[in-house]
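The structure appears right after this line, and notes come after that.
The values are calculated or read from the model by the stated rules, or taken from the named source; none is laboratory data. Remember, it's a predicted structure, so these values are computed and weren't measured experimentally. Don't worry about glycine lacking a Cβ; one is built from the backbone with ideal geometry, like all the others, and counts go over all protein chains shown. Keep in mind that these areas ignore ligands, DNA and RNA; they rest on the heavy atoms of the full protein, side chains included. Shrake-Rupley method; radii C 1.70, N 1.55, O 1.52, S 1.80 Å.
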Amino acid sequence: MGFVLMELARCSGGLLLQSFYNFGIEAEMERLKHGGMKRGKCWLIFGLWLCAATVMRAGLLEEVIRKPGTWNQMCAMPMPLDFDVPLPMYSLATARNFFLSPANLDRLQEQRAVVGADIVSLLNRMDLSKATNNSAQPVGLLDSNQDPEQLSGTLLDIILQLDVVEALPGLLRVEADLNQRLSAAKTNDASLPALDLGGPVMFSGVTQENFKEQFSSRRRSEFTARVYQREMLSVMAALLRHERYQPLLDSDLEKSYFGHLKQNAGNVQLERFHSAADIPSNQKGWIGFDTVHGLPFFKDQYHAAFVPYTPELRQDIRKWAADYLQQTSGKKTSAASTTVK
Amino acid sequence: MSRLHLKLLAGIALVLAGCATPVAPIVVGPARPGPNGHQLVSIPAGTYRVGVLGHFRNPRRTIHLAGYDIADAETTNEEFARFVKATGYVTDAEKMGYGLVAREGMIDWAWTETKGASWRAPFGLDEPRAGELTNHPVTQISGADAEAYCKWIGGRLPTLEEWEVAARAGSTTRWPWGDRFDPHLANVWNGTNHLHNTQEDGWLYTAPVRSFPPNAWGLYDVIGNVFEYCAGLPATFDKKDEARLIAGRGGSWWCSSGTCDFFNLVDIGAMDRHGSLANQGFRVVFDRAN
């Protein structure tokens, strides 16, 4: 019974909060008032809606991070990355053990407004110093054992898939924090956050002779931190791309990505797809259609494309994000917008 | 010549005689019947070399193993059905209502959630059922399901090293038969991508166990057919992964040289220990009483 009530609250709260998000709180109150409702009742209903939204807000994002819904196959072992970790172009750097199922992606899309707000809240309160990457705990069906309060591949993938552009300020903050910790770790042996990579990728350069030294706990922590730092930058760039932010579209980063798209589009497995509608429904999770250049592309992490990471590129991405936020402050991004990717 | 010189010469002669003596190959007897219809091969205790020089997940090393018995073939649908009938066990895929399936015509790496896929219907409800595939390896069973079967039968999964020692059967090459892959000796994906399987090995998906020649110790399908779950994870994995992942070896009908290339004696994969796919299976190991 409790579950049924929660679900009712989730569905109704989501619909109602979506309405508030789209039209603004005051406008919504006016609409109700013109409908003949007294102000007191309006605020009562608003209060009930907030409660429903809170119930829902606390649940879905955390639930999906804990249980993303599907898993990799046995041999989905990504190629090692350079220890310096290049910058992935508009994607995550590597596959994880668990990833979003189509059903969970649909649920997240349905509750886009609330999930977006919850992501903003999460990034605002995220404290990397509290990351513990606890030792093994028993996990059940579909449980990824990821900490929903910390960075994870699932969190970043949700931001990417739902185009949560409102997450930009939070990403800027957390990326700056992580970058500062990486710098401090190099210069004064400061400790690094114990982040959970959630995937099997390792760094190249390991040999028989240096095996033990290479797999020290510190070296793995540094590699993990670099992966997440590069991925946050990549996600920021992807969000700006979704918004068709022109300085990004005119950049060398975009030129490199276009070259990668053209190369892959000629692959015999993709050449038959000329529009998003051509992609079979059971493979939409694996094949995307880029609407900037009108080309199909592989969505899996094994076809991710990279450019070398440099501090200058990092500054460019951060500046684009900051400039975009300054230009668009006060505007609402439509929560109902979707882009076929 | 002094006595000391004579003793020295005798010692040198003995050492040289020892070096000249050829090392006897490990002799493994024929398979013998085990529980639930399994045929078991006894692997003697000893010192073995596993891994490959420079491989970061499976580096070359010398290990010591106690003797153990290992099934000569992957657990079949028929054997698993007896377990389910005896215990009423419900697999993870049945609890979730779906498993992951890949079919010819899909792009590389794509797997799709298929409602109703389970060990009873490994490719879904519209495809051949386990009852029609009795001698095929059981699939759509998770690592946890495999462990449950092994516990029921009084056995366990092989460790990563036990699997490799048995699969190598004394070979030092990439495959049990040598360093050149032969598509007629194992069931893997033939073709440049998963749009089309050219079926040089004669099979599109799983093959009945023992369809291909065994290795030198009488084990079948150590390469290809289905990935075989193993206990433990490589040292490169996070401690946290022990609770959520399970390792697998040997490659499967899905694996191709254009994708993972894991159908060999060296590579080690890992996945969600409660996940189920149409290319996962296992073989059983039994400890030998001293």
Legend entry - A:S234 accessible area, 1.4 Å probe, all protein chains in place, Å² to nearest 10: 0 Å²
Inset, instruction - At 7 Å along the Cα-to-beta-carbon direction for both A:R218 and A:Q180, put a label point, then send me their distance in nm to one decimal. - result: 2.2 nm
Inset, instruction - Report the relative contact order of chain B, percent, no decimals, based on alpha-carbon pairs under 8 angstrom and at least 6 residues apart. - result: 22 percent
Legend entry - Label zone at B:S171 (point 7 Å along Cα-to-Cβ), backbone N below 14 Å, region B:202-231: B:212-225
Legend entry - For the pair B and A, total buried accessible area rounded to nearest 100 Å², probe 1.4 Å: 4200 Å²
Inset, instruction - Apply 1/(1 + (r/R0)^6) to the Cβ-Cβ distance of B:E132 and A:R272, taking R0 = 35 Å, and write down the FRET efficiency to the nearest 0.05. - result: 0.60
Legend entry - For A:K299, solvent-accessible area (1.4 Å; no DNA, RNA or ligand), Å²: 60 Å²
Legend entry - Estimated Rh, region B:57-134: Kirkwood, alpha-carbon pairs, angstrom: 15.4 Å
Inset, instruction - Would you mind telling me the share, in percent, of accessible area of region B:93-148 contributed by carbon and sulfur at probe 1.4 angstrom? - result: 46 percent
Inset, instruction - Excluding residues on the same chain fewer than 8 positions from B:K151, give the aspartates and glutamates whose Cα lies under 19 Å from its Cα. - result: B:D69, B:D72, B:E74, B:E78, B:E79, B:D92, B:E162, B:E228, B:E242, B:D287
Legend entry - Cα pair distances exceeding 26 angstrom across region A:142-299, given as percent: 43 percent
Legend entry - Test item: A:141-149 mean partner chain Cβ contacts at 10 Å: 3
Inset, instruction - Just reorder B:T198, A:T187 by solvent-accessible area, largest first, 1.4 Å probe, all chains present. - result: A:T187, B:T198
Inset, instruction - Considering only protein heavy atoms, with the full assembly of protein chains and a 1.4 angstrom probe, order B:E228, B:E147 by accessible area, largest first. - result: B:E147, B:E228
Inset, instruction - Mind scanning B:K95/B:K115; A:K299/B:K240; A:K186/A:K212 and naming the pairs with a C-alpha gap bigger than 23 Å? - result: A:K299/B:K240
Inset, instruction - Estimate the FRET efficiency between B:A45 and B:D261 by the formula 1/(1 + (r/R0)^6), using the beta-carbon distance for r and 35 Å for R0, to the nearest 0.05. - result: 0.60
Legend entry - Probe 1.4 Å, protein heavy atoms only - accessible area per residue of chain B in square angstrom: 41 Å²
Legend entry - Alpha-carbon centroids, region A:89-153 and region A:225-254: separation in whole Å: 20 Å
Inset, instruction - Using only atoms on other chains, find how many Cβ atoms lie within 10 Å of each Cβ of peptide B:230-238 and report the average. - result: 3
Inset, instruction - For B:W152, B:W217, give the ranking by accessible area with the largest first, probe 1.4 Å. - result: B:W152, B:W217
Inset, instruction - Give a residue-ordered list of calculated ³J(HN,Hα) values for region A:78-89 (Karplus: 6.51 cos²θ - 1.76 cosθ + 1.60, θ = phi - 60°; whole Hz; x for Gly, Pro). - result: x, 5, x, 9, 4, 4, 6, 6, x, 8, x, 8
Inset, instruction - Calculate one ³J(HN,Hα) per residue across region B:148-161 by plugging θ = phi - 60° into the Karplus curve 6.51 cos²θ - 1.76 cosθ + 1.60, and present them in order as whole Hz with x for glycine and proline. - result: 5, 4, 4, 5, 4, 8, x, x, 6, 7, x, 6, 4, 7
Legend entry - Separation of alpha-carbon centers, region B:225-271 and region B:38-99, rounded to whole Å: 12 Å
Legend entry - Extreme residue, positive dipole direction of region A:215-325, given options A:P311, A:S217, A:T291 (C-beta unit charges): A:S217
Inset, instruction - Provide a whole-number value for the mean count of partner chain Cβ atoms within 10 Å of the Cβ atoms in peptide B:110-117. - result: 5
Legend entry - Average Cα contact separation per residue, region B:132-268, under 8 Å, 6 or more apart, as relative contact order %: 27 percent
Inset, instruction - Averaging sequence separations of C-alpha pairs under 8 Å and six or more residues apart, then dividing by the length of region B:163-206, give the relative contact order as a whole percent. - result: 24 percent
Inset, instruction - Tell me which residues come under 5 Å, amide H to amide H, from B:A231 once H is placed; ignore anything under 5 positions away on its chain. - result: B:T159, B:L160
Legend entry - In Hz, Karplus ³J(HN,Hα) per residue of region A:114-131 (6.51, -1.76, 1.60; θ = phi - 60°; x = Gly, Pro): 5, 4, x, 5, 5, 5, 4, 4, 4, 5, 5, 9, 4, 10, 5, 5, 8, 5
Inset, instruction - Can you tell me the FRET efficiency between B:R180 and A:S329 if r is taken as the Cβ-Cβ distance and R0 is 56 Å, rounded to the nearest 0.05? - result: 0.30
